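A short write-up of the structure that comes next.
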Amino acid sequence: MERPSTRVLVVDDDPQFRSLVTELLVDKGFDARPAGDARTALELAADRSFRVAVLDLVMPEMGGIELAERIKQVSPDTQVLILTGQGDMGSAIDGLRHGVYDFLQKGEMDIPRLTRAVTEAGERARLTQENRELLIRLQESNRLLKALHDVAAGIAGEPHLDRVLARLITAAKILCHASSGRVLLFGRTHGDELMIEAGAGEGADAVRGARLHPDEGIATLAAAENQAIVVPRPREHPRYSHRCDDLPAPRPGMICAPLRQGAVYGAVCVAGPAEGEFGVEDRDLLAILARQAAVGIDNALNHERSINFFTHTSDILVSFLENMDIFYPGHSRAVAALADMLTRRLGMTDDERRHVHFAALLHDIGKVLVDPAVLKAETMTEEGRRAMQEHPALGMQLLKPISLWEDVLPLIHAHHERWDGKGYPRGLKGEDIPVGARVIALVDAFDAMTRNTPHGTHRTAEQGLAEVEAFAGTQFDPKMVRMFVAEYRARGHQIPPG
């Protein structure tokens with residue numbers, strides 16, 4: 001595609017040929033300017049407005065290769081085409097080493113080839129210039145580049161929506177040198193209106209829940225068109241809405257960039273440039289940040305939906321289990337609370353702790369597949385004991401179809417394994433037992449022995465702690481026992497009663 005705005009410098013010591021090439025390029029829509037010698041060419045090139053220079057290879061005073069190198073020094077983005085009548089391959093190779101874009105034969109002047117070469121060189125110059133300007137903009141401060149990298153990595157790995165939004169606002173203001181910022185997530189109502197469902201930044205709390213008409217708001221315009229917008233004077237914009245665009249700032253100017261990924265539909269906006277006005281570079285930086293952030297927001301929303309699914313489904317299953325296992329009301333939730341206490345002491349990650357929490361909550365869920373008569377029997381027979389020992393495998397079988405629980409299943413399956421290898425169902429030993437299963441085994445036993453049931457002897461909390469200490473290294477992981485005993489004595493009073 002021809003670009004009328006592309007400026008081309010034509011340098012040749014032959015006036016007739018110089019005029020011919022210049023006129024051909026002008027006819028093709030280029031802004032072509034002639035120069036008869038190297039000095040004039042360098043003076044014209046110094047303003048860096050020429051994207052392409054078409055040079056004769058052999059000229060008095062200075063040849064095309066040397067001139068190409070000098071032009072590159074004063075205008076690095078200018079792309080050079082060499083015209084020669086010599087057909088010298090060595091000159092061509094030498095020219096390529098000096099950054100010459102292409103090498104064309106004078107004697108076989110192919111107008112379409114020349115036009116195509118100038119067009120392609122102009123496009124390359126344009127892209128080179130844009131990349132250079134963006135790079136210079138980023139390199140003005142290492143802080144900006146580091147902020148963009150760090151926030152992208154932080155957002156991508158952050159599972160909590162509120163933290164993702166907070167990181168986004170902080171990074172947006174730093175990158176664009178803005179005094180204020182806000183991120184808004186929109187949801188559609190039953191009609192055509194949009195509702196602000198979530199937000200962060202200046203004034204976000206005040207506008208959350210507001211309903212907007214389809215044609216109201218600069219932020220909603222950016223989201224709808226999926227394009228970043230620079231607005232020098234927001235209040236004069238026809239789409240301005242005080243409900244979503246009113247950002248306090250000492251200087252006028254606002255940028256809104258879309259957040260569009262999966263179920264995410266919203267915008268991040270910054271206002272108040274530190275000096276001057278927001279420019280294309282600011283807009284592009286915010287657009288890049290917004291694209292990366294939208295992925296992180298979508299991940300966080302999916303994570304929250306998963307947690308909600310875990311929570312609600314677990315509550316239903318645990319309630320169902322407690323209606324069947326009448327001697328252990330509150331046991332599952334108490335085990336989960338004790339597991340939370342121990343995993344915090346162990347320094348496990350948030351994801352690891354979450355997996356252990358849900359596994360602890362559901363560790364006995366396999367009992368819903370055990371004969372109810374066994375669960376309600378006050379005296380446990382040998383046959384009943386064997387049936388009860390099936391519940392870890394039955395629990396894994398019950399939950400296996402739900403792929404979201406794949407990290408929880410091994411912990412449920414192994415929560416009756418023993419440190420000495422004498423547990424069930426697989427007889428795992430020591431470090432072969434998953435860490436989360438070792439946690440659950442310990443706190444499950446402690447809670448069971450310290451609650452009133454027909455099964456076993458009821459112990460006080462101190463007696464229960466002494467009991468698990470007695471079985472450290474045989475039934476339980478000895479390191480975990482030490483940590484659990486210390487943590488329970490320090491914080492056990494904070495555990496809600498089961």
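Helix 435-449 versus the longest principal axis of the chain: what angle, 0 to 90°, nearest 10, using Cα atoms?
Taking the Cα atoms of the chain, the angle to 435-449 is about 30 degrees.
Across the stretch 396-410, in residue order, what do the Karplus-derived ³J(HN,Hα) couplings come to in whole Hz, using 6.51 cos²θ - 1.76 cosθ + 1.60 with θ = phi - 60° and x for Gly and Pro?
5, 4, 5, 8, 4, x, 8, 4, 5, 9, 5, 7, 8, 4, x
For the chain, compute Rh as the Kirkwood radius over C-alpha pairs and then the Stokes-Einstein diffusion coefficient at 25 °C and 0.890 mPa s; write the answer in µm²/s, rounded to an integer.
85
Using only the Cα atoms of the stretch 354-442, build the gyration tensor, take square roots of its eigenvalues as a ≥ b ≥ c, and label the shape rounded, prolate or oblate: rounded if a/c is under 1.5, else prolate if a/b is larger than b/c, else oblate. Each step should come with its number before you reach the end.
On the way: a/c = 2.13, a/b = 1.27, b/c = 1.68.
Since a/c reaches 1.5 but b/c is at least a/b, the shape of the stretch 354-442 is classed as oblate.
Would you check the chain for Lys pairs whose C-alpha atoms are within less than 30 Å, ignoring same-chain pairs closer than 8 in sequence, and give me the count?
Count of close lysine pairs: 15.
Based only on the alpha carbon positions, what is the Kirkwood hydrodynamic radius of the stretch 405-498, in angstrom?
Values: mean 1/r = 0.0729 Å⁻¹.
Kirkwood hydrodynamic radius for the stretch 405-498: 13.7 Å.
Give the carbon-plus-sulfur fraction of the accessible surface of the chain in %, rounded to a whole number; probe 1.4 Å, heavy atoms of protein chains only.
Working: 12190 of 24230 Å².
It is 50 percent, rounded to a whole number.
Please report, in debye to the nearest 20, how large the charge dipole of the stretch 207-312 is about its Cα centre when each Lys and Arg carries +1 at its beta carbon and each Asp and Glu carries -1 there.
Details: 11 positive and 13 negative charges, 67 e Å.
The dipole of the stretch 207-312 has a size of about 320 debye.
So in the chain, which Cys have no other cysteine's beta-carbon sitting under 4.7 angstrom from theirs?
So far as the 4.7 Å Cβ criterion goes, C176, C244 stand without a partner in the chain.
Kindly identify the stretch 1-63 as rounded, prolate or oblate by the Cα gyration tensor criterion: order the square roots of the eigenvalues as a ≥ b ≥ c, call it rounded if a/c is under 1.5, otherwise compare a/b with b/c, prolate if a/b is larger, else oblate.
Values: a/c = 2.51, a/b = 1.39, b/c = 1.81.
It comes out oblate by the Cα gyration axes.
Please report the antiparallel percentage of DSSP beta bridges with both residues in the chain, rounded to the nearest 5. Write down the numbers at each step before the final one.
On the way: 27 of 47 bridges.
Taking every DSSP beta bridge within the chain, about 55 percent pair in antiparallel fashion.
Using just the helices of the chain, give the 222 nm mean residue ellipticity in deg cm²/dmol: DSSP H runs with n ≥ 4 each add -39,500 (n - 2.57), and the total is spread over all residues, rounded to 500.
Details: 19 runs with 251 residues, N = 498.
Dividing the helical sum by the residues of the chain leaves -16000 deg cm²/dmol.
Expressed as an acute angle from 0 to 90° and rounded to the nearest 10, what is the orientation of the C-alpha long axis of helix 111-139 relative to the principal long axis of the chain?
With rounding to tens, the tilt is 50 degrees.
Probe of 1.4 angstrom, ligands and nucleic acids ignored: what's the accessible area per residue over the chain, in square angstrom?
Numbers: 24230 Å² over 498 residues.
Per-residue value: 49 Å².
Using alpha-carbon positions, what is the distance between the centroids of the stretch 328-398 and the stretch 165-183, in Å?
45
Rounding to the nearest 10 and keeping the result within 0 to 90°, find how far the Cα-based axis of helix 280-324 lies from the longest principal axis of the chain.
Taking Cα atoms only, the helix is inclined about 10 degrees.
The values are calculated or read from the model by the stated rules, or taken from the named source; none is laboratory data. What you see is a predicted model, and the numbers here were worked out from it, not measured in a lab. Glycine also receives a Cβ, built like all others from the backbone with ideal geometry; neighbour counts cover every protein chain displayed. The accessibility values were calculated without ligands, DNA or RNA, using every heavy atom of the protein model including side chains. Shrake-Rupley method; radii C 1.70, N 1.55, O 1.52, S 1.80 Å.
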